[in-house]
Amino acid sequence: MKQIHKNRKNRKDYFRKLLIDIHDFLFSHQLLLVVFVVGAIIAISSSLFFYFEAHAKDTLISKPFDAFWWVVVTLSTVGYGDIFPKTTEGRIIGIFLMFIGVAFMSLLTATIASKIVERDLKGGMGMLDITLEGHVVICGWNHHARKMVEQILESIEKEIVILAELQSKPYEHRRVYFVKGDPTDEMDLHRANISRADTAIVLTDLAVHKMESADARAILTTLAIETINSDVYTCAEILDSKNIPHLRNAKVNEVITSGEFSGRLMARTAITHGISKVITDLLTPDEGNELSKVKIPDQVDGMKFDELFCRLRDKPETMILVAIERNTDVFVNPEKGFVLHKGDQAILICRQKPDPEDLL
């Protein structure tokens, strides 16, 4: 059922992008010129046809609208046959309209198709400006970015914009967009519409830049992002934990030290066998349990952590309360008697992402 839902969502995204392409074409100067020329042809042809046919013997034209109807039907290559010319002049006009109609329909179809193809090509090359809102912007690209994109697509219904110095789009999906550019450049960040983004992920890009400058570029990128949109939730990846204070000063919400994180996990696995399996299960969607965060409802204000823990553990859907996020602080397995406050975020181990009402 989940796969069917994803397929339906993909089809909706495809048709939405198609409608955007058609909308852009409909309001272009090129179409306005075509409409003006065709309108002029219809007006002149209708007038001439009525002038020649209205006085012909056994004429089928009794009023100007009959001439207009015949011109539109002939020009559109439909040809109902309810009205046809009786005079030589009328037939000449008909021949002219037949050729014009075939050419016009071919031109219209080819123009719309070329606009769609042109947009797809520019999108694949990262040349389009993004107009999305509430999307995720990934700044940079590295060896584990593909897996990260897959998990984001599986977990949340948001569009993803990849801003990186690549030659072509690195991941093909209807909800994934690509902007070719430098994440440290404010102009390129504006092209990715970072001002309207919900989340920004800054990756260390070792494929393009040397290891010594990777963290420096991550810091510059986060500074540029925060300058444009201080409300965006920013997560940055770095190689050296010594640079964490610089990112904290740049008001980054979360910092991940990739090398140290994997090293600590390996060490913990060596000390306590099986820990990596637990972490993998929690971080992999559709593999059983996963970590999820939800705002606690106002009715829980003043309740103790242990009380909510027991209440959730006894629910049929079995949720385990592991931590509370309060402002920028996270309290993992807090001490006995810890009191919940309004606005706290509950971090849970659960099989499906819950709603705030599920905590009642």
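None of the figures in this text is laboratory data; all of them are computed from the coordinates on show. None of the values given here were measured: they were computed from a predicted structure. In this analysis, Cβ positions are derived from the backbone assuming ideal geometry, glycine residues included, and neighbour counts consider all displayed protein chains.
Dipole magnitude for the range 157-284: about 300 debye, using +1 per Lys or Arg Cβ and -1 per Asp or Glu Cβ, origin at the Cα centre. Please label the shape of the range 289-359 as rounded, prolate or oblate, based on the square roots a ≥ b ≥ c of the eigenvalues of the alpha-carbon gyration tensor (a/c under 1.5 means rounded; beyond that, a/b larger than b/c means prolate, else oblate). It is rounded, given that a/c, with a ≥ b ≥ c, falls under 1.5. Rounded, prolate or oblate for the range 136-261? Axes are the square roots of the Cα gyration tensor eigenvalues, ordered a ≥ b ≥ c, and the cut-off for rounded is a/c under 1.5. Rounded is the answer for the range 136-261, as its axis ratio a/c remains below 1.5. Pairs from the list Lys158/Lys315; Lys158/Lys295; Lys180/Lys293 with a Cα-Cα gap above 23 Å: Lys158/Lys315; Lys180/Lys293.
In terms of its alpha-carbon gyration tensor, the range 189-325 comes out oblate; a/c meets the 1.5 threshold, while b/c is at least as large as a/b. Annotation for Lys336 and Ser62: the two label points, set 7 Å from Cα along the Cα-Cβ direction, are 9.9 nm apart. Relative protection proxy for 215-228, 87-100, from highest mean packing down: 215-228, 87-100 (other beta-carbon atoms within 10 angstrom). Protection proxy ranking of 311-323, 337-349, 160-172, by the mean of other Cβ atoms within 10 Å over each peptide's residues and highest first, is 160-172, 337-349, 311-323. For the range 234-321, averaging the sequence separation of C-alpha pairs within contact (under 8 Å, six or more residues apart) and dividing by the residue count gives a relative contact order of 15 percent. Projecting label points 7 angstrom from Cα along Cα→Cβ for Thr284 and Gln151 puts them 1.1 nm apart.
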